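The values are calculated or read from the model by the stated rules, or taken from the named source; none is laboratory data. Please read all numbers here as calculations on a predicted model, not as lab measurements. Please note: Cβ atoms are built from the backbone with ideal geometry, for glycine as well, and neighbour counts cover all protein chains shown. Protein only, heavy atoms only, side chains kept; ligands, DNA and RNA dropped before computing areas. Shrake-Rupley method; radii C 1.70, N 1.55, O 1.52, S 1.80 Å.
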Amino acid sequence: MKRNKVREILEKGGIPVGLFHVFQEPYLTEMMGHIGFDYVMVDHEHTTTDEDMISRLILAANASGIPVFIRIGEINASYMQRMVDAGAAGFLCAQVRTREDIQRAVKAIKYPPMGNRGVLPWSRASLFGLGQTLDEHFRTSNQETMLFALIENKEAIENIEQIISVDGLDGIMFGPCDMSLDMGIYDRWDSPEVTAAMEKAVAIAHQYKRHLIGLVLSGESLERQISDWKKKGAHIILYAYDVYLIQQLFLSDLAKIRKSLK
């Protein structure tokens, strides 16, 4: 497996910046690398993207030198193995609730002794069996493939230390929208209950030296959002979402066009 740019930046003390990728368009994926993003996070929780398209997005991203991570809605070992064989750099696992959830994810994407991932010597991830031995492939894959947990429900907060302490988990992201929904206070992302849950998750992530992903949205408050995440000790920034960014651009420009035509 090739070097994971995100892990490489982290090891050098930098903060990788990626795009949350909803549109299934390889040209757009490739362009993100040329623009200067360090990675893309493909959403496969709320989209109908099929596996073949994701493999094409991975190829496109790699063509411009960036890795692909996938947000998944459930931990499915067979699916996760196919995606890492296709070259995915790792996963953001949504709806994590227990320690066992993350343990199953680790086993799915790591070769023994860390996990029980099966091997295809000629997979894309193994460089089609060219350029590195199988031993090198096993070692680099276990080293470079990354795993993150999306903390977004009350059960995860109840089990947060057991989840974060799992060997093989690289970090977490906090989901305030789903957390507020699970708490029965939807659309109150900054409520005391949601804020307390986030602070607890962040504190334990730092305690176990796990990476923290900070999600930011475009707009006038972008710099403030970045500042807030830096204060929280975020190691990775995820800029969201391509569909939202295009929507906002079109709404703004269309309003200007309508106004100019009056």
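Some notes on this structure:
- Here Ala234, Ala201, Ala205 are screened, and the one residue that is surrounded by 14 or more Cβ atoms within 10 Å (Cβ to Cβ), small (Gly, Ala, Ser) and in a loop (DSSP other than H, G, I, E, B) is Ala234.
- Residues of region 94-119 satisfying the condition of being within 30 Å of Asp182 (Cα to Cα) and assigned to a loop (DSSP other than H, G, I, E, B): Ala94, Gln95, Val96, Arg97, Thr98
- Residues being part of a loop (DSSP other than H, G, I, E, B), of a type in the set (Asp, Glu) and crowded, with 18+ Cβ neighbours inside 10 Å - total across region 35-66: 1
- Scanning region 208-231 for residues that are surrounded by fewer than 15 Cβ atoms within 10 Å (Cβ to Cβ), out of contact with any helix residue (DSSP H, G or I) (no Cβ under 9 Å at 6 or more places or on another chain) and not in a loop (DSSP other than H, G, I, E, B) yields a total of 7.
Residue-wise test of (1) under 16 Å from the mean Cα position of the chain (by Cα); (2) open to solvent by 20 Å² or more (accessible area, probe 1.4 Å).
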position: Ile163; (1), (2): no, no
position: Gly175; (1), (2): yes, no
position: Ala196; (1), (2): no, yes
position: Leu249; (1), (2): no, yes
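- Options Asp253, Asp182, Asp187, Asp242; residue that is more than 20 Å from His21 (Cα to Cα) and either open to solvent by less than 50 Å² (accessible area, probe 1.4 Å) or touching a residue at least 24 places away in the same chain (Cβ under 8 Å) (or both): Asp182
- Scanning region 120-153 for residues being assigned to a helix (DSSP H, G or I), among the small types (Gly, Ala, Ser) and under 20 Å from the mean Cα position of the chain (by Cα) gives a total of 1.
- Filtered residues of region 142-161 (kept if open to solvent by 30 Å² or more (accessible area, probe 1.4 Å) and farther than 25 Å from Arg7 by Cα): Lys154, Glu155, Glu158, Asn159
- The set of residues in region 115-137 being in contact with a helix residue (DSSP H, G or I) (Cβ under 6 Å, 6 or more places away or on another chain) and either modelled with pLDDT of 95 or more or crowded, with 17+ Cβ neighbours inside 10 Å (or both) consists of Gly115, Asn116, Arg117, Ser123, Ala125, Ser126.
Listed here are the residues, each with its yes/no results for (1) in contact (Cβ under 8 Å) with a residue 40 or more places away in the chain; (2) over 15 Å from Ile58 (Cα atoms).
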site	(1), (2)
Ser78	no, yes
Gln81	no, no
Val84	yes, no
Ala89	yes, no
Leu92	yes, yes
Val96	yes, yes
Ile102	yes, yes
Pro112	no, yes
